[in-house]
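First comes the structure, then the notes that go with it.
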Amino acid sequence: MSQGMTLTCSLRSIQKTSSREQKFWQTSLCSIKKREKMEYLFIIILMNLLPQYAGKSLRGDGSYQKSFEHIKNEIAGYTDIAKAIIDLAVHGKAQNRSYERLAVFADTIGPRLSGSKNLDAAIKYMFSALQEDGLENVHLEPVKVPHWERGEEFAMMLEPRNHSIAILGLGNSVATPPEGITAEVIVVTSFDELHKRAQEAKGKIVVYNEPFISYGETVQYRVQGAVEAAKVGAVASLIRSITPFSIHSPHTGGQSYQPDVPRIPTACISVEDAEMMSRMSFWGTKIVVHLKMGAKTYPDSPSFNTVAEIVGSKYPEQIVLVSGHLDSWDVGQGAMDDGGGAFISWEALSLIKDLGLRPKRTLRLVLWTGEEQGGVGAKQYYQLHKENISNFDIVMESDEGTFKPSGLGFTGNAKARDIVKEIMTLLRPINVTDVYDNADGTDIDYWMRDGVPG
């Protein structure tokens, strides 16, 4: 998951193909929910469809023109519908509903690691829940997902003193030998420093004490740390957790090996331990650590993407996709990453259904599997459905955490941005009107690369 304080529902480059470039779309904005620590549970409501022009391209050849003022007037015509959705989500019977649904789900199922029995249970749970909610075309689409288990793991500093180091192995890490690895530590703050000190790193455990700048920039050390350490002959790598805050709590996450580089064990450590070893290193103190990790990688396991719909009344073949991922790491409940995103995406359909609204295009919910391993479920969904790519009007994803909402992330051309800004004016009653740059999403990126708005 990416950390951030805004919902990323990225609308990526509409300009890639002229037939899709200015195809106007139905997007969605769903429930706000308020509850103690989760002050609001983000919004995704079904917004403006611009019905007269649905499914038609707006080319600059004079065959089909529409003034921006006309577009603005059409958007304004959805004010009452937007208000009804907001009222139901914030003040009506749907208030706190997605929070309560998520709480029951997370408490009942627990962590949902790719390839695990818990993930299987979560998919079965959601399949039944979506059917009970009265949604249409509820079904499962088979995929294959990685199956990795962390096993026993611990680290102990032996010199200059005995100290237990809190660690969490990173996804897909290899194990240490059964007896573990005991080696001297070299502490670096960047890849540049590591490469400059390459001769010192051979045969050692590399500890990265990289400064936290932002999740998107700093996460490279978690993803690539083991590979860069192995290139200079290190025997293992320990990465300062990718977070600005810590209470001696390491954070797990994904990492990637390269085919031509030796695979070495890799784990995250707490900010406090990384800082402590950095200070020791600065003073010239020799640091020796014993590391033991029992991780195992099994053959890929069968799993499913979970799908439900509200079928469009006029253009049922055209798809507006909202999504979040069901899988999570194994050391928490996956409530924020990405239970919140999955459940507000479900809530979008529930709100539309409860109000008796029937969108002209099909509103499709996809709950992805295997996102934490690099979006493997989403990639297989894309491969299965890309032959109908012209029918996908917009793909949406929430996976940046469920905080108080402030707007939508957007990537696209200036004309598309102007339209999105007008649509967001429908959310003035709840002060959620911002449009942000540089949006992204692991599970929808496959579509955005091909020019589908996201």
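The values are calculated or read from the model by the stated rules, or taken from the named source; none is laboratory data. These numbers come from a predicted model, not from an experiment. Glycine gets a Cβ as well: all are built from the backbone with ideal geometry, and neighbour counts include every protein chain shown. Surface areas here come from the heavy atoms of the whole protein model, side chains and all, with no ligands, DNA or RNA. Shrake-Rupley method; radii C 1.70, N 1.55, O 1.52, S 1.80 Å.
Does residue 140 meet the test of being hydrophobic (A, V, I, L, M, F, W, C) and either open to solvent by less than 60 Å² (accessible area, probe 1.4 Å) or not assigned by the TED database to the domain that holds residue 257 (or both)?
yes
Does the range 146-179 hold any residues that are of a type in the set (Val, Ile, Thr) and either more than 30 Å from residue 383 (Cβ to Cβ) or in the same structural domain as residue 311 (by the TED database) (or both), and which are they?
165, 167, 176
Against the definition (under 30 Å from the mean Cα position of the chain (by Cα) and not small (Gly, Ala, Ser)), how does residue 285 come out, yes or no?
no
Quick one: which helices (runs of 4 or more DSSP H) lie wholly within the range 149-234 and hold at least 1 residues that are polar (S, T, N, Q) and open to solvent by less than 10 Å² (accessible area, probe 1.4 Å)?
Here the list reads 215-218.
Could you go through the range 352-365 and let me know if any residue there is within 14 Å of the chain's Cα centre (by Cα) and open to solvent by less than 10 Å² (accessible area, probe 1.4 Å).
no
In the range 325-345, what residues are of a type outside the set (S, T, N, Q) and open to solvent by less than 10 Å² (accessible area, probe 1.4 Å)?
325, 326, 327, 338, 339, 340, 341, 342, 343, 344
Residues being surrounded by fewer than 18 Cβ atoms within 10 Å (Cβ to Cβ) and part of a helix (DSSP H, G or I): count how many of those fall in the range 412-421.
Counting residues in the range 412-421 that are surrounded by fewer than 18 Cβ atoms within 10 Å (Cβ to Cβ) and part of a helix (DSSP H, G or I) gives 5.
Considering only residues of the range 242-301 that are hydrophobic (A, V, I, L, M, F, W, C) and in a strand (DSSP E or B), which is surrounded by the fewest Cβ atoms within 10 Å (Cβ to Cβ)?
Going through the qualifying residues, I end up with 288.
Taking the criterion of being of a type in the set (A, V, I, L, M), open to solvent by less than 10 Å² (accessible area, probe 1.4 Å) and in contact with a helix residue (DSSP H, G or I) (Cβ under 9 Å, 6 or more places away or on another chain), would at least one residue in the range 312-321 satisfy it?
yes
Is it the case that the range 342-357 has a residue that's of a type outside the set (Gly, Ala, Ser), in a loop (DSSP other than H, G, I, E, B) and under 29 Å from residue 118 (Cα atoms)?
No; the residues of the range 342-357 include none that is of a type outside the set (Gly, Ala, Ser), in a loop (DSSP other than H, G, I, E, B) and under 29 Å from residue 118 (Cα atoms).
This table checks each residue for (1) among the charged types (D, E, K, R); (2) in a helix (DSSP H, G or I).
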position	(1), (2)
82	no, yes
92	no, no
100	yes, yes
106	no, yes
129	no, yes
137	no, no
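Residues checked against (1) hydrophobic (A, V, I, L, M, F, W, C); (2) assigned by the TED database to the domain that holds residue 157:
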site	(1), (2)
197	no, yes
201	yes, yes
226	yes, yes
229	yes, yes
236	yes, yes
245	yes, yes
254	no, yes
306	no, no
